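A short write-up of the structure that comes next.
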Amino acid sequence: MDRGCDWQRDYILSITAGMRGKDTIHFVVQLEVEIEGGWKRVVRYDCCHRFVHRDSYSLSGRQKKEELDLNYEEALTLCGRGYR
């Protein structure tokens with residue numbers, strides 16, 4: 001039986017950003033979904049390695065890192081569009 005997706009329980013979107021005045025100085029945006037009773041990372045955008053990148057994860061946990069040619073504000077805007 002397909003119960004659909006209960007958006008109240010089936011995903012977690014966490015957003016952390018540090019600001020200095022109006023400037024973003026660091027950020028992490030991560031989407032996790034509940035699968036078979038456990039939480040799995042799906043995608044994570046951050047600047048933890050001093051560059052903007054996206055980490056994509058497979059169901060097995062395999063990670064793919066992709067550098068994005070964006071500044072911090074552009075990356076946060078992209079994340080906002082991707083999770084609507």
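Rule-based calculations on the coordinates, nothing more; no lab input. Remember, it's a predicted structure, so these values are computed and weren't measured experimentally. Glycine gets a Cβ as well: all are built from the backbone with ideal geometry, and neighbour counts include every protein chain shown.
Ratio of Rg to Rh for the chain, alpha carbon only, Kirkwood? Present the calculation step by step, with values, prior to reporting the outcome.
Values: Rg = 14.3 Å, Rh = 14.0 Å.
Ratio value, two decimals: 1.02.
In a reduced charge model with +1 at each Lys and Arg Cβ and -1 at each Asp and Glu Cβ, the chain shows a dipole moment near 120 debye about its Cα centre.
Projecting the Cα positions of H26, V43, G61 onto the charge dipole of the chain (unit charges on Cβ atoms of Lys, Arg, Asp and Glu, taken about the Cα centre) puts H26 furthest along the positive direction. For the chain, adding -39500 (n - 2.57) for each run of n ≥ 4 DSSP H residues and dividing by the number of residues yields -4000 deg cm²/dmol at 222 nm.
Summing Lys and Arg as +1 and Asp and Glu as -1 over all other residues whose Cβ lies under 15 Å from the Cβ of S56 gives a net charge of +2.
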